[in-house]
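To keep things clear, I will list the structure first and then write my remarks on it.
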Amino acid sequence: QQPVQSPQAVILREGEDAVINCSSSKALYSVHWYRQKHGEAPVFLMILLKGGEQKGHEKISASFNEKKQQSSLYLTASQLSYSGTYFCGTSNSGNTPLVFGKGTRLSVIA
Amino acid sequence: NAGVTQTPKFQVLKTGQSMTLQCAQDMNHNSMYWYRQDPGMGLRLIYYSASEGTTDKGEVPNGYNVSRLNKREFSLRLESAAPSQTSVYFCASSGLAGYNEQFFGPGTRLTVL
């Protein structure tokens, strides 16, 4: 079942902060975050695993609430380069393929 | 290392024509995937292959077939293209599906007239 992302879109000025949320109705093993710029392929940002392990870029922070099946991606002091569409993908086991949300479009303006 | 490569980058088909999208990875990954991306729909899994010799249906498999030719290559075939298959197609690869990051190819933009 497709995870639900919120908000659908957000506009920020440089330097502002944003939070993107991802929630699932099923128990999760992992949450993955990707960013896609217009006309390009998605690029990996972070994985959050059940039990607390995290893998990804040092400058990206995220949380994973296993009990609520929710994850949040925190973008602080936003830069123009942060613009793009952010997708979360969820999996209920180490061997199960991801199901992606519909995405959150982030626009950072000067 | 090239990562994940896809061919072609663009394709226009007429309804009823067939074609094969090619994908190859050089990262020694076991798992490979085909997604389609439509505006506002996110990435939807068409088929995946957890290892060489195995393939499984994803969310939207109707109208497609796949072949895991070897560990490196995973192809997607449209036997009789329909306008509803107009989309951007991404191939990806990874280690374990839920544990490791996915690496995406550059995509194929397909239009079916």
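Values for this structure:
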quantity: Rg over Rh [alpha-carbon atoms, Kirkwood Rh] for chain A; calculated: 0.95
quantity: Per-pair calculated FRET efficiency, R0 = 25 Å: B:Glu73 and A:Gln1 via Cβ, rounded to 0.05; calculated: 0.20
quantity: Cleavage-rule hits, trypsin sites (Lys or Arg not before Pro), segment A:41-78, DSSP coil, Cβ neighbours within 10 Å at most 10; calculated: A:Lys59, A:Lys67, A:Lys68
quantity: Average accessible surface area per residue within chain B, 1.4 Å rolling probe, Å²; calculated: 46 Å²
quantity: Inter-chain Cβ neighbour average for residues B:33-41, partner chain, 10 Å; calculated: 2
quantity: Minimum 40 Å² accessible area buried by the other protein chains, segment B:84-113 residues, probe 1.4 Å, relative to alone; calculated: B:Ala97, B:Gly98, B:Tyr99, B:Glu101, B:Gln102, B:Phe104
quantity: Peptide A:95-104 - average C-beta neighbours from other chains (10 Å radius); calculated: 6
quantity: For segment A:1-51: accessible area per residue (Å², 1.4 Å); calculated: 52 Å²
quantity: Heavy-atom accessible area ranking, 1.4 Å probe, most first, across A:Thr85, B:Thr15; calculated: B:Thr15, A:Thr85
quantity: From phi via Karplus (6.51, -1.76, 1.60), per-residue ³J(HN,Hα) for segment B:5-10 in Hz, x at Gly/Pro; calculated: 10, 10, 9, x, 8, 9
quantity: Residue-averaged beta-carbon neighbours from other chains (10 angstrom radius) around A:41-48; calculated: 5
quantity: Cβ-derived FRET efficiency at R0 41 Å, A:Ala110 paired with A:Ser63, nearest 0.05; calculated: 0.90
quantity: Euclidean distance between Cα centres, segment B:1-50 to segment A:49-105, Å; calculated: 23 Å
quantity: Additional length obtainable on full extension of the chain from A:Ile11 to A:Asn95, 0.36 nm per residue less Cα span; calculated: 26.7 nm
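The values are calculated or read from the model by the stated rules, or taken from the named source; none is laboratory data. Bear in mind the structure is a predicted one, so any value in this text is a computation, not a measurement. When we count neighbours, we look across all protein chains shown, and the Cβ atoms used for this are built from the backbone with ideal geometry, even at glycine. Surface areas here come from the heavy atoms of the whole protein model, side chains and all, with no ligands, DNA or RNA. Shrake-Rupley method; radii C 1.70, N 1.55, O 1.52, S 1.80 Å.
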